Amino acid sequence: MKLTILQIALPCPLRLSFDYLPNNAEITWQIGMRVKVPFGSRELIGVIVNLKKANEEPNTAKLKTIIEAFDQQAILSSDLLSLTQWLSDYYHHPIGDCYQTVLPKKIRLGETAELETETYWQLITPLLDIKLGKKQQALITLLNEYSEGLSQKFIYQQLGQCRTSLLGLEDKKIISSFQHIRQPLINHNPIEHCQLNEEQLTAVENVWQSRNDFSPYLLQGITGSGKTEVYMQLAEKMVAAGKQILILIPEIGLTTQFVERFKQRLAARIVVLNSAVSDGERKQAWLLAKSGLADIVIGTRSAVFTPLPNLGLIIIDEEHDASYKQQDGLRYHARNVALIRAQRAKIPILMGSATPSLESLYNVEQLRYQLLILNQRATGASIPKIKLIDSRGPSANSGISTVLYEAIKTQLSAGNQVLLFINRRGFAPVLMCHDCGWQATCSHCDARMIMHQRRNILCCHHCGLIQRLVEKCPTCQATDLKTYGAGTEQIEHTLQAYFPDTPVLRIDRDSTQKVNAFADIVNKIRQGGAKILVGTQMLAKGHDFHDVTLVGVLDADQGLFSADFRSTESLAQLIIQVTGRAGRGGKKGEVFIQTSQPQHEFWQDLLKHGYPYTAKKILAERKIMAMPPTGSLCVIRAESQDESLAMKFLSDVSALFHQATQQEVIVMGPVPAIMEKRAGRYRAQLLLLSQQRKPLHQLLDHFMQAIGALKLTRKVRWSIDIDPLDLL
């Protein structure tokens, strides 16, 4: 008699699946079911990835039996199972770890995969001429608008605690309660769509006409050109056709604004998936999508793995954003995963941005993507004027030039809002002793400690180490300690001193740590509760503040002299995105960029010719260097508490690669990372560069087992990063 052997992917660093025997002969075992198994001294939850038959031999006698099965049928559909296998193959990552990324936390921990229900109330008797209390009358009016019933939770949100009134109406047989799957409310009175301009109409029609084919589109629209309007009208058409839509956005901070616009405009069931949503809510949203009970899923990068049986369209907003790339564990890029999903589902995918990535522009050039262009602002608002200010000129204080100070004063006196952008949080990046030259540095990293004056601390932004702010030099005991450079906290402090009667609002990771803090700040800005906004990248993306007429960019030169080959591309994107926050309403906008290099070729290109010209020029340079997107890049990283082990391990890996006779892949390094010591560990990296993607993957596949067998694998942490965005 043949035995069924279950091959199970488990959450561990080993790049293989494990064989177990079933514990119940009556269960119909399926690939994609979750099971608990003994693994060494632990019990782990894994996913069945294969079933095989074997004769009863001594070999099978050694196999352990699973402890329990959590599902009666597969929790993952065949398309998500094959996508997870693709993730493991393409990113050269352990298959068990890939499933940990694909499944929501509560599902991967073994919780039931059943949808939660809640109490609903429904009107069962036509409106009668019965004398009722004020609260009861309000209840009937509300329930009369929703014939399918309303959840008790929503009723409480609208009318306050009214359990007595509900029970009273139930006794009168006017309403009744029932249990129903907890799901999002449909807006039965959506606001009418805006009239699309010609460019927007063309974009909608192109995507809609290819709804039954895999068609990647790049929607390149200037800031304020109405890309979201295109998304909404396409989503409406898809929902009407019975299809589901997956929408990816780069930042949690954009979620509230984005979701509210969709809820106001569409009669659809919309769920949200991001790390700000509780584990229970994420599980419910995931199961609703899997059951076809969610029409639209809006989320950050991990939402790309949501099961959607009727998927009709994928939309990626701000497709260029680096947030779509996971920087630890399974280092996937959500845009690439979304493209694979769209290709396999034979559906269109729309990637929108004012500043498209060079990868997407290169794919347009190679005719792999179709380009759709929006060149005019949807509201008719004019593009803001951009002026360069030499930061070496007259300075008011804290790096704010006199020219910018005067411009701020002018806009405030006109009752407008001002946004100042500096990509550095904290008070000052350098605390230094003038007498002996001591600087506050992190003991765990090759980095300076950042001064945070309000909390009276020194903080390392790389490893999170916090120390009390020192009052005298620990080396020579001098008390004359000076700060150099400025961060958001210092700019806020300076502006509040300049304009004591004007509210200043700081928006960075420090000021938005509390739950819903960012959404509250955005509401405050919209209501005019702050006239001066100081922020980091969080403010640069997608926000629509109609009263912001002046944007100032401080210390804009950081990207010009970076060791990272992507730095000028990232700087160009950031500048265009942040300047796009100005003049989005009926008022004209202006932008001031402070730079110590006003004659630099980069600024001349970007400001005179715009982003498309600049991107084309950078792409030409990349082609000469054979760097991405024209070449394929992989970085193998290693780190260890021992200073020499990371380099030694990568030297051994390099020696393996050099055994191959291939010529297509260039092996560079190993070299120490630019910040060699971080969080107490020494880091090194090995680069693989190839003109074609295939030889690079073949080389990795060929030597993966040999790398795993190296003695030092147990003494170092190592990882493979395919298509890395960060080489620092």
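The values are calculated or read from the model by the stated rules, or taken from the named source; none is laboratory data. Treat the numbers as computed from the prediction; the structure is a model and nothing was measured. Cβ atoms come from the backbone with ideal geometry, glycine included; neighbour counts cover every protein chain shown. Remember, those area values only see protein heavy atoms, side chains included, never the ligands or the DNA or RNA. Shrake-Rupley method; radii C 1.70, N 1.55, O 1.52, S 1.80 Å.
Values as computed for the structure displayed
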quantity	calculated
Positive dipole terminus of the chain, leading residue within Ile593, Cys473, Leu201 (C-beta point charges)	Cys473
Summed side-chain charge close to Leu159 - residues other than Leu159 whose Cβ falls under 14 Å, Lys, Arg +1, Asp, Glu -1	+3
Residue-count net charge about Leu201 - beta-carbon cut-off 13 Å; Lys, Arg +1, Asp, Glu -1	-3
Helical contribution to [θ] at 222 nm, DSSP H n ≥ 4, -39,500 (n - 2.57), averaged over the chain, rounded to 500	-9500 deg cm²/dmol
Label zone at Thr475 (point 7 Å along Cα-to-Cβ), backbone N below 20 Å, segment 431-461	431-451, 458-460
Within the accessible area of segment 1-138 (1.4 Å probe), percent carbon and sulfur	50 percent
DSSP-assigned coil residues among trypsin sites (Lys or Arg not before Pro) in segment 14-63, each with at most 12 further Cβ atoms within 10 Å	Lys62
Exposure of Asp726 as accessible area (Å², to 10), given a probe of 1.4 Å and all protein chains	60 Å²
Percent accessible area from carbon and sulfur atoms, segment 242-371, protein chains only, probe 1.4 Å	45 percent
Sequence ranges 141-152, 290-301, ranked by mean other-Cβ count within 10 angstrom, highest first	290-301, 141-152
Computed FRET value (nearest 0.05) for Cys194 with Thr402, which takes r as the C-beta separation and R₀ as 35 Å	0.25
Accessible-area ranking of Ile340, Ile507, largest first, probe 1.4 Å	Ile340, Ile507
Lys616 versus Glu170: modelled label distance in nm, points set 7 Å from Cα along the beta carbon direction	6.9 nm
Solvent exposure, largest accessible area first (probe 1.4 Å, DNA, RNA and ligands not counted), of Thr117, Thr306, Thr630	Thr117, Thr630, Thr306
Rounded to the nearest 10 Å², the accessible area of Val337 at probe 1.4 Å	0 Å²
Most to least accessible of Glu116, Glu26 (protein chains only, probe 1.4 Å)	Glu26, Glu116
With every protein chain in place, segment 416-476: carbon and sulfur % of accessible area (1.4 Å)	45 percent
Amide hydrogen neighbours beyond the local backbone of Leu481, cut-off 5 Å, H modeled	none
Sparsely packed GluC sites (Glu not before Pro) within segment 187-238, loop by DSSP, other Cβ within 10 Å at most 12	Glu192
Disulfide-incompatible cysteines by the Cβ rule (no partner under 4.7 Å) in the chain	Cys12, Cys98, Cys162, Cys194, Cys459, Cys463, Cys634
Exposure of Leu725 as accessible area (Å², to 10), given a probe of 1.4 Å and all protein chains	40 Å²
Per residue accessible area of the chain, 1.4 Å probe, in Å²	46 Å²
Antiparallel %, DSSP beta bridges [both residues in the chain], to 5	55 percent
Which labelled figure in [x] 215; [y] 311; [z] 329 is volume of the Cα convex hull per residue in Å³, once derived from the coordinates	[x]
